[in-house]
Amino acid sequence: METVVRDLNKKIKDYKIIDFWSEWEKSIKGIGLAQFKKEIIGRKIIGARRIGKNIFIDLSGGKTLYIHLKMTGHLLIKSAKCKVKSEKEQEESYFDDKVNQYIRHSWTLKKGKDELKMDFSDLRKFGKIVLLDTQKIEELPEIKKLGIDAMSREFNLKKSKEIIEKKPKSIIGLLLMDQNLIAGIGNIYRSEILFAAGINPKRKVESLSEAEIKRIFDNTKKILKLAIKMRGTSDSDYRDTSGKPGNFQKVLKVYGRTGEKCLGNGLTKNKKCDSIVKRIKLGQRSVFWCERCQK
């Protein structure tokens, strides 16, 4: 989501919404399609931001578009002008990939003579769009209950210890995914963080030493920063606003590697482990780990 929001701020800031189309009105919550369209047309895009896994696009006149991409959704920013592509442009274009073909909603944006399309591709139609008053964002139930953002400056080692130590009986693999405690850590990154920190995902928090808590904190920051730099992880449907997959999946150490040899996390004497990566279920989600590298 951080990659998407950064893209939106680079590409659509200061554009005005001049049209909107939708084939799946059920995604638009709390207001009918005709009224939604009437309310947003003519408004200027002030900027985009992320709270947890939620995207907010602030508009002029004190309104905000709240977009949740859910499992298969992604936003695509394209030129609105139809033109014949050169051979090189065709080779470099990702918009024609099948995963980008499930367009359910489309905003037409204009700045000067330049026109763009912001398309919402969503295979399973689980995405959500809400128009709300900007000042009421913090009142949303799903926002009020969110914990501290893992990428915020406020989330430091001291805060990390406070959160973890308040839940001594919790399992660390579940705690890291609890958005009410720490917002922004997804399933993929949970496995990678715990592997890099050398921590068994089934360990209870009360068993963790201060040094181990510090390793978890350090690797949370390190891995999330690297994932953002590499423009996210395309395990299945995720694409950036250019329709491109992310790159972090190329450096995954354990996630999705069940049955493969462990590459080692550098915490043991032998850098290459050669043990077998295993998969377990925690909170109905898969966690990948190495029993030799993670204690």
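Please treat every number below as a calculation from the coordinates, not as lab data. Quick caveat, the model's predicted, so the values are computed rather than measured. Positions of Cβ are backbone-derived with ideal geometry, glycine not excepted, and every protein chain shown enters the neighbour counts.
If the only charges are +1 at each Lys and Arg Cβ and -1 at each Asp and Glu Cβ, what is the size of the charge dipole of the stretch 151-226 around the Cα centre, to the nearest 20 debye?
Dipole size: approximately 40 debye.
Two decimals is fine: what's Rg over Rh for the chain, C-alpha atoms, Kirkwood radius as Rh?
Dividing the radius of gyration by the Kirkwood radius yields 1.01.
Only Lys, Arg, Asp and Glu count, each charged at its Cβ (+1, +1, -1, -1), so figure out the dipole size of the stretch 149-289 about its Cα centre, rounded to 20 debye.
320
Considering all alpha-carbon pairs of the stretch 2-144, what whole percent are spaced by more than 21 angstrom?
Tail of the P(r) past 21 Å holds 42 percent of the pairs.
Taking the Cβ of Lys38 as the centre, find all other residues whose Cβ is under 13 Å away and add up their charges (Lys, Arg: +1; Asp, Glu: -1).
For residues surrounding Lys38, the net value is +1.
Using the Cα centre of the chain as origin and beta-carbon charges of +1 (Lys, Arg) and -1 (Asp, Glu), tell me which of Ala196, Ile182, Ile103 is placed farthest towards the positive end of the dipole.
Ala196
In this model, which of Lys10/Lys222; Lys144/Lys281; Lys53/Lys144; Lys225/Lys261; Lys53/Lys253 are farther than 19 Å apart at the alpha-carbon?
Lys10/Lys222; Lys144/Lys281; Lys225/Lys261; Lys53/Lys253
For the chain, what is the charge dipole size about the Cα centre, in debye to the nearest 20, if Lys and Arg each add +1 at the Cβ and Asp and Glu each add -1 at the Cβ?
It comes to approximately 600 debye.
Towards the positive end of the charge dipole of the chain, with charges on Cβ (+1 Lys, Arg; -1 Asp, Glu), say which of Gly232, Leu157, Gln294 has the farthest Cα.
Gln294
From the phi of every residue in the stretch 127-141, what ³J(HN,Hα) in whole Hz does the Karplus formula 6.51 cos²θ - 1.76 cosθ + 1.60 yield, where θ is phi - 60° and glycine or proline is x?
x, 9, 10, 9, 9, 9, 6, 3, 5, 9, 4, 5, 8, 4, x
Which one of Thr134, Ala211, Ala48 has its Cα pushed farthest toward the positive end of the charge dipole of the chain, where Lys and Arg give +1 and Asp and Glu give -1 at the Cβ?
Result: Ala211.
Using only Cα atoms and rounding to the nearest 10 degrees, what angle (0 to 90) does helix 2-11 make with the longest principal axis of the chain?
With both axes taken from Cα atoms, the answer is about 30 degrees.
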